[in-house]
Structures are given as C-alpha cells and as structure tokens.
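> Take this structure, written in structure tokens, and hold onto it; I'll ask about it next.
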Amino acid sequence: MIITQKYFLHFPVCETNTPIVYKLVKDFDLEVNIFRARVTSEGEGYLVLDVKGEAGSITKAMEYIASFGVTISSVKKGVVRDENLCNHCGNCISHCKVGALHIGDMKTRKVVFDDKLCIACGKCVDNCPMKACSTVF
C-alpha cells in the first residue's frame, strides 16, 4: 500500500554531509518532497519532508536514517499558529500559496489555519506582523 508521511528530521553535526535523501530515493524507492531545509552555523541540519512509497519501505528507510543518529519526528504541522497573538489582519493569507491560511467565515473575517495543507514554507512566519506564526525550527 502506497502512503505519504511527513517527517521532521534533525541531523547531528557529523551527518549533514551524508546524502541521505539520495539513498531514500535510490535504495528505498521512495518519492521525497522537501518542504524546508536548514543547516545552522554550528553544522546541525533540519529537514521537513514528505515521503511517499510502500509503508514497509518507509519504515526501513526511517530505520536507516535513525542509524546515523538523526532524530525523526512524524509531524502533522510544520508551522504553529498562536491564536492568542493573531489579530486576524489577513496579511498571511496572500503569502500562503497552498491555502493553509484562509478566511473561514466571511462574516467574522477570522483567519483559519489548516495544518494538513501547510508545507512549512515559512512565508507566513516572515510576513505576520503579530508573530503569531512560527516554525518547528
């Protein structure tokens, strides 16, 4: 059965040069969609990605990645939105190309966040004047 899983990976300093994504595609026959990647000035790596393929292949691939000391978290959200900070100005909506942020009810004009659509691009984080949006890294 083909499934898609979203993962958040944290790479220790010593593994940021290992071609792990290449191995996922080549050795485990998986489709990989990278939503966000970052290497810090200290050399740690962070990656948010979707992995699509046979469930058993994904399990084996995650075991392979974990063998390098990579911390793996199954994430539902790449972006976290603090409702208490949001003033529903709507500035984030024009920057959210996938529609994860949108007006839910035209009468109230309240901004709604659908984390299932979010690809963690970070555009809302960069453009929210109230700092209501943040990323997991």
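The values are calculated or read from the model by the stated rules, or taken from the named source; none is laboratory data. Values in this document were obtained by computation on a predicted structure and should not be read as measured data. In this analysis, Cβ positions are derived from the backbone assuming ideal geometry, glycine residues included, and neighbour counts consider all displayed protein chains.
> State which residue is modelled with the lowest pLDDT when the search covers only the stretch 26-39 and only residues that are surrounded by 12 or more Cβ atoms within 10 Å (Cβ to Cβ) and over 16 Å from residue 121 (Cβ atoms).
For the stretch 26-39, the residue satisfying everything is 39.
> Which strands (runs of 3 or more DSSP E) does the stretch 76-119 wholly contain that include 1 or more residues that are over 20 Å from the mean Cα position of the chain (by Cα)?
In the stretch 76-119, 101-105, 110-113 are the strands (runs of 3 or more DSSP E) which contain 1 or more residues that are over 20 Å from the mean Cα position of the chain (by Cα).
> Filter the stretch 41-69 down to the residues that are at pLDDT below 90 and either in contact with a strand residue (DSSP E or B) (Cβ under 7 Å, 6 or more places away or on another chain) or in a helix (DSSP H, G or I) (or both), then identify the one that is surrounded by the most Cβ atoms within 10 Å (Cβ to Cβ).
Ranking the qualifying residues of the stretch 41-69, first place goes to 48.
> For residue 98, all conditions in the list (1) in contact (Cβ under 8 Å) with a residue 24 or more places away in the chain; (2) of a type in the set (A, V, I, L, M, F, W, C); (3) touching a Cys at 6+ places or on another chain (Cβ under 8 Å) hold save one; what is the number of the exception?
Of the numbered conditions (1) in contact (Cβ under 8 Å) with a residue 24 or more places away in the chain; (2) of a type in the set (A, V, I, L, M, F, W, C); (3) touching a Cys at 6+ places or on another chain (Cβ under 8 Å), the odd one out for residue 98 is (1).
> In the stretch 12-40, what residues are of a type in the set (Phe, Trp, Tyr) and either free of Cβ contacts under 8 Å to residues at least 60 places away in the same chain or within 13 Å of residue 64 (Cα to Cα) (or both)?
Hits for the stretch 12-40 are 22, 28.
> Can you name the condition, by its number, that residue 105 falls short on among (1) exposed (fewer than 11 other Cβ atoms within 10 Å of the Cβ); (2) modelled with pLDDT under 90; (3) under 18 Å from residue 84 (Cβ atoms)?
(3)
> Name the residues in the stretch 113-134 that are crowded, with 18+ Cβ neighbours inside 10 Å and closer than 14 Å to residue 50 by Cβ, would you?
118, 119, 120, 121
> Of all residues being out of contact with any strand residue (DSSP E or B) (no Cβ under 7 Å at 6 or more places or on another chain) and hydroxyl-bearing (Ser, Thr, Tyr) in the stretch 2-25, which is surrounded by the most Cβ atoms within 10 Å (Cβ to Cβ)? Just the residue, please.
18
> Of a type outside the set (D, E, K, R) and assigned by TED's automatic domain parsing to the domain that holds residue 129: does that describe residue 55?
It is false that residue 55 is of a type outside the set (D, E, K, R) and assigned by TED's automatic domain parsing to the domain that holds residue 129.
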